[in-house]
Each structure stands twice: as C-alpha cells, then as structure tokens.
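Student: Got a structure here, written out as structure tokens. Questions coming.
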Amino acid sequence: MYTMMSSDLLSHPQIRLVDSFEDLVNTPFQGLNNALCWKRDLAGDFKEIVDQLELEDDITEVSIEDLQALELSAQGQIARDIIIQDMQLLSAQGALPSLNLLKCYARDDDFDFIATDVYSYHVDRSPVATDTFLCTYFGVASDLIANDQVEQKILIPEIREKLKALYDGPESGFEAFLAEYFFDLHYQAQPDAQPINLGVGQLWRLAVDHPTQQVLPCVHRAPLENAGEYRLLLIC
C-alpha cells in the first residue's frame, strides 16, 4: 500500500493547507475537505526533549511545568518554546491539549475479526461540536485516508455476522450495541488505498463526527512505532 508524503498534500481534495494558526482554527471544512494542515518546518531539537523526559508506563502526559524544568541546549529551548506556544494557542481557543511521551498504545486483542484500537483506521466522535488537533514533534506520524478508500467494518458481511453472534438482545438494539462498543467508528482500507502521512511538525485539525458536522469525519490511525523510539505527540 502506497503512502502519500507531504509533497502530495497540495493536490489532495481532502486536505487544505493554511499559513497560520488563526487560519487553522477559523477555516470551515467544506465539501470533501475534512482535514486542515498548518504546514511547518520547525527549528529546534525535539529529540533532546524526548531524551530528557521520563516515561511512565507506555504513555506519559507531559505538562508545561515538566518542559520548563528541563535543562536544554539552545536548540532544545527553541523546540520547547514551540511546544509551549502550541499548547497555549490551543488552550486559548478552549481546547484541552495533551502532550504525550509515547512508547505505544494499548492493543485491542479481544476479537480476532475486528480491532477497535487506535492503530485501526477510525474516526473520532463527540456529542458536541469540536475538532481533533494533532501534531507529532518527534517519532513516526499518524496516517489519514480518504473516506472513499475505506469501508466501515460493521458493513463488511463476515464481520457483521460475527458481531451479531456477539450481541445478545433484540434486533432493534443492534445498531446501538455497535455504537456503544465503538465498533461503528472503525474502517478497513481498500486494497488500492493511498494513506497520507501527517508528517512531523505539522499541526493538523481533523473533522470529528458530531451532530452539527457538515462534512464526513476524518478517518485516521496511529502508526506502528519504531522499535526503541518514543513519540512526542500533541493531541486534543
């Protein structure tokens, strides 16, 4: 499966590039567009920050105070200032940014026929109007994929039949069961699909499934981490 890189972004109808944080938060999604990208070439040494932070369990949330406590080189200070500014800009918009030092996410191994972890292509859902913001500062970056290149897993006949075998209730409640356990959020890529890598340093805004959303939610997934390498990820 071919993965598009950042040079392909300009020609992709799903993605719109913007030049500032203000444009990122204020530009409406329209038509096929359900992902906005503030494309940046960041200065600074983000690896130095990763090397100094301490991992607890598989994911550690890092606060601004944790960052400020690090003794960094000039390049490390530049990287730290960028992260803190991103967090402050998002907080000023009412978002709740979380900076994560990440070894890996929990894997879903409950079923052998459907995965519902973040390594599976999925959409985010919210009961209120919101968007997902995402930036990888270090390590491998996430992928997104066009909505017409995936199929909702619950509509694949063999998967749907196995889900029905799991369900113990009236037929009228089956769709609610699928939503309750998040089965309906997950998608399978078509064989000829072309995922798009989000790249390092870019700040993204992805459309979320909520009642007032005017476009399809953005389908995306977490990447498989490189062995022995942590990720530094901002998400909200």
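The values are calculated or read from the model by the stated rules, or taken from the named source; none is laboratory data. A quick note: this is a predicted structure, and the numbers were derived from the prediction, not measured. Positions of Cβ are generated from backbone atoms using ideal geometry, with glycine treated the same way; all protein chains shown enter the neighbour counts. Surface accessibility is based on the protein's heavy atoms, side chains included, excluding ligands, DNA and RNA. Shrake-Rupley method; radii C 1.70, N 1.55, O 1.52, S 1.80 Å.
Student: Using the structure shown, decide if Glu180 is in contact (Cβ under 8 Å) with a residue 60 or more places away in the chain and either under 30 Å from Pro97 (Cβ atoms) or in contact with a Lys or Arg (Cβ under 9 Å, 6 or more places away or on another chain) (or both).
Tutor: Details: in contact (Cβ under 8 Å) with a residue 60 or more places away in the chain: no; either under 30 Å from Pro97 (Cβ atoms) or in contact with a Lys or Arg (Cβ under 9 Å, 6 or more places away or on another chain) (or both): yes.
So Glu180 fails the test.
Student: Against the definition (at negative phi, touching an Asp or Glu at 6+ places or on another chain (Cβ under 6 Å) and part of a strand (DSSP E or B)), how does Thr136 come out, yes or no? Give the derivation first.
Tutor: Numbers: at negative phi: yes; touching an Asp or Glu at 6+ places or on another chain (Cβ under 6 Å): no; part of a strand (DSSP E or B): yes.
Here the answer is no, as Thr136 does not meet what is asked.
Student: Another question about this same structure. Regarding Leu232, is this residue of a type outside the set (Phe, Trp, Tyr) and closer than 29 Å to Leu89 by Cα? It would help to see each step written out before you state the result.
Tutor: Numbers: of a type outside the set (Phe, Trp, Tyr): yes; closer than 29 Å to Leu89 by Cα: yes.
Here the answer is yes, as Leu232 does meet what is asked.
Student: Turning to a different aspect of this structure: Within region 176-199, does at least one residue satisfy the condition of being part of a loop (DSSP other than H, G, I, E, B), open to solvent by less than 80 Å² (accessible area, probe 1.4 Å) and over 20 Å from Cys218 (Cα atoms)? Steps first, answer last, please.
Tutor: Initial filter on region 176-199 (part of a loop (DSSP other than H, G, I, E, B)): 181-182, 190-195, 198-199.
After this cut, where a residue has to be open to solvent by less than 80 Å² (accessible area, probe 1.4 Å) as well, the list is 190, 193-195, 198-199.
Keeping just the survivors that are over 20 Å from Cys218 (Cα atoms) gives none.
No: zero hits.
Student: Which one of these is under 21 Å from Ile15 (Cβ atoms), at pLDDT 95 or above and not in a loop (DSSP other than H, G, I, E, B): Leu163, Leu206? Full working, then the answer.
Tutor: Details: Leu163 fails: under 21 Å from Ile15 (Cβ atoms).
Within the list Leu163, Leu206, the selection yields Leu206.
Student: Show the residue pairs that are 6+ apart or on different chains and have beta-carbon atoms under 6 Å apart, the first residue being within region 2-23 and closer than 12 Å to Arg205 by Cβ, the second being among the aliphatic types (A, V, I, L, M) and modelled with pLDDT of 60 or more.
Tutor: Note: pairs meeting the criteria are Ile15/Ala35; Arg16/Leu36; Val18/Leu24; Val18/Leu36; Phe21/Leu89.
Student: Which pairs have Cβ atoms under 9 Å, sit 6 or more apart or on different chains, and link a residue in region 217-236 that is more than 14 Å from Leu101 (Cα to Cα) to one that is of a type in the set (Lys, Arg) and surrounded by fewer than 18 Cβ atoms within 10 Å (Cβ to Cβ)?
Tutor: If the second residue must be of a type in the set (Lys, Arg) and surrounded by fewer than 18 Cβ atoms within 10 Å (Cβ to Cβ), the pairs left are Pro217/Arg125.
Student: For residues in region 116-161 being touching a helix residue (DSSP H, G or I) at 6+ places or on another chain (Cβ under 7 Å) and of a type in the set (D, E, K, R), which is surrounded by the fewest Cβ atoms within 10 Å (Cβ to Cβ)?
Tutor: So, considering only residues that are touching a helix residue (DSSP H, G or I) at 6+ places or on another chain (Cβ under 7 Å) and of a type in the set (D, E, K, R), the one surrounded by the fewest Cβ atoms within 10 Å (Cβ to Cβ) is Arg125.
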